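> This structure is in structure tokens; I'll ask about it shortly.
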Amino acid sequence: MKIAIASDHAGVTLKSEICKMLLDLGHEVKDFGTYSAEARVDYPDMAFLTAESVAAHKYDRGVLICGTGIGMMLAANKVQGIRAALCHDQFTALLSRRHNDSNIIVLGARVTGMDVAKEMVKAWLVEPFEGGRHSIRLQKITSYEQKPNTMLNAGAKGGRTIVFDHPLVRHKLAVLRDKATAPKDFRELVKEITSLMVYEVTRDLPVKEEVVETPLKQTTVFKLADSKIAVVPILRAGLGMLDGFLSLVPNATIGHIGLYRDPDSLKPVEYYSKYPADITTSTVFILDPMLATGGTVKEAISMLKKIGVKSISVISIIAVPQGIDTVHEAHPDVDIFVAAIDENLNDYGYIVPGLGDISNRLFAAK
Ligand code: RB5
């Protein structure tokens, strides 16, 4: 194996012993320093060099050592593609391979004795990754790494707001906002944006392992687990998103919720609701393209909870912070997926800059 190794001043002695052992075992070793136990250095410098060379596949694995191991682990894990595991004994070293497919082992020279450290590294190098359910978990880390900081936590209000600002979505949304876009194109764009968002919205759906025969060999594959999915557009504008959702999840069952705003109390009032029979055991996605004050969505969620629905998410195209806060405050267990978060609402309750009255633009109504 080709192995990259590095330490700060606190790990120099252990590093040189491990280097010797690795060379004796027949590995090719690249020592990224540091080389003096007296001259103080900053561990991130060595951690990044080593981690980047492993992530770029110039080396098969890496070994990083500092006083506690903590600093090296923190720095190395900032590099995309790195799974650096701080291990203290054989057990954690082996499990970091079996379950986490660690590609860098991190040691604390002031924590772990020389002999234990050497045995750990030896065993870690040959231990295989188990795959299976662990691959699914690692895949989630990899996906997040490619698109970090998108799961904004609304803080005190609870709940997650996931902004799906993929370039294709942003482009289509730009055309959607343009007042010159005609109803036919407008409808198509709402549909396309929704189906692109479904990719992100369904990221956490459970999958199950199955075995299939390819023309070449038997292999383990992952299919969607038999969980039920229901989609509930809020009338009328939510209907514009329905086809987009169904284009990727064609077997979803469909419910409808109709709410109007009482002119005196300004509170949402139910005028229609119809649900599929198994909605209470389904994962439910509410469709409402404009999350403005949040009052309607908040009420729709309450209606679904009242009949016993447990798992609810909201898919909107544009939201404003006020609407997000209203929903999260009332329903901190509900995730909100949006393509964009706009500035605020004007005096008439329209999202600004927004795209105008979406129902009128979808249905060319006045
Ligand atoms: C160096 O004194 C020490 O801070 C470093 O080796 C490491 O333990 C940091 O996490």
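The values are calculated or read from the model by the stated rules, or taken from the named source; none is laboratory data. What you see is a predicted model; the values in this text were computed from it and never measured. Cβ atoms come from the backbone with ideal geometry, glycine included; neighbour counts cover every protein chain shown. The area values use the complete protein model at the heavy-atom level, side chains included, leaving out ligands, DNA and RNA. Shrake-Rupley method; radii C 1.70, N 1.55, O 1.52, S 1.80 Å.
> For segment 227-335, give the magnitude of the charge dipole about the Cα centre (Cβ charges: +1 Lys/Arg, -1 Asp/Glu; no others), in debye to the nearest 20.
240
> Sticking with this one: Over the chain, with the other protein chains present, what is the accessible area per residue in square angstrom, probe 1.4 angstrom?
Ligands and nucleic acids excluded, the figure is 51 Å² per residue.
> Leaving ligands and nucleic acids out of the surface, order Arg187, Arg83, Arg110 by accessible area at 1.4 Å, largest first.
Arg110, Arg187, Arg83
> Please report the antiparallel percentage of DSSP beta bridges with both residues in the chain, rounded to the nearest 5.
Beta bridges within the chain, antiparallel portion: roughly 30 percent.
> Moving on to the next point. Which chymotrypsin sites (Phe, Trp or Tyr not before Pro) in segment 1-66 pass both tests, a DSSP loop state and at most 15 other beta-carbon atoms within 10 Å?
Those that pass, being in a loop and sparsely packed, are Tyr35.
> How large is the dipole of segment 235-281 about the Cα centre if only Lys and Arg carry +1 and Asp and Glu carry -1, each at its Cβ, rounded to the nearest 20 debye?
For segment 235-281, the charge dipole is close to 60 debye.
> To make sure I understand the rule: partners must be aspartates and glutamates, Cα under 13 Å from the Cα of Lys78, and not fewer than 8 residues away in the same chain. Which ones qualify?
Asp45, Glu52, Glu145
> Rank Arg133, Arg160 by accessible area, highest first, at a 1.4 Å probe radius?
Order by accessible area, largest first: Arg133, Arg160.
> Now a separate question. Among Val29, Val79, what's the order by accessible area (1.4 angstrom probe), most exposed first?
Val29, Val79
> Compute the separation of the alpha-carbon centres of segment 87-112 and segment 282-300 and state it in Å as a whole number.
With segment 87-112 and segment 282-300 each reduced to a Cα centre, they are spaced 45 Å.
> Another question about this same structure. Let me confirm the definition first: pairs of Lys residues in segment 177-246, 8 or more apart or on different chains, C-alpha distance under 23 Å. How many are there?
Summing the qualifying lysine pairs gives 5.
> Using amide H atoms built 1.01 Å from N in the peptide plane, name the residues 5+ places from His88, or on other chains, whose amide H lies under 5 Å from its own.
Residues meeting the amide H criterion: Ala93.
> Over the chain, what relative contact order in percent results from Cα pairs under 8 Å that are six or more residues apart?
12
> Counting pairs of alpha carbon atoms under 8 Å apart in space and at least six apart in sequence, what relative contact order in percent does segment 1-94 give?
The normalised contact order for segment 1-94 reaches 33 percent.
> Hey, another quick one. For the chain, with the dipole built from +1 on Lys and Arg beta-carbon atoms and -1 on Asp and Glu ones, taken about the Cα centre, which of Gly323, His27, Pro183 lies farthest toward the positive end?
Result: Pro183.
> Counting alpha carbon pairs within less than 8 Å and at least 6 residues apart, what relative contact order, in whole percent, applies to segment 64-118?
Relative contact order for segment 64-118 comes out at 45 percent.
> Using a 1.4 Å probe on the protein chains only, how many percent of the accessible area of the chain belongs to carbon and sulfur?
54
> For segment 335-365 and segment 244-276, what is the separation of their Cα centres, given in Å?
Comparing the Cα centres of segment 335-365 and segment 244-276, I get a distance of 17 Å.
> To the nearest 20 debye, what is the magnitude of the charge dipole of the chain about its Cα centre, counting +1 on the Cβ of each Lys and Arg and -1 on the Cβ of each Asp and Glu?
With only Lys, Arg, Asp and Glu charged at Cβ, the dipole is about 520 debye.
> Using the Cα centre of segment 242-366 as origin and beta-carbon charges of +1 (Lys, Arg) and -1 (Asp, Glu), tell me which of Ser247, Ala292, Leu345 is placed farthest towards the positive end of the dipole.
It is Ser247, whose Cα lies furthest towards the positive end.
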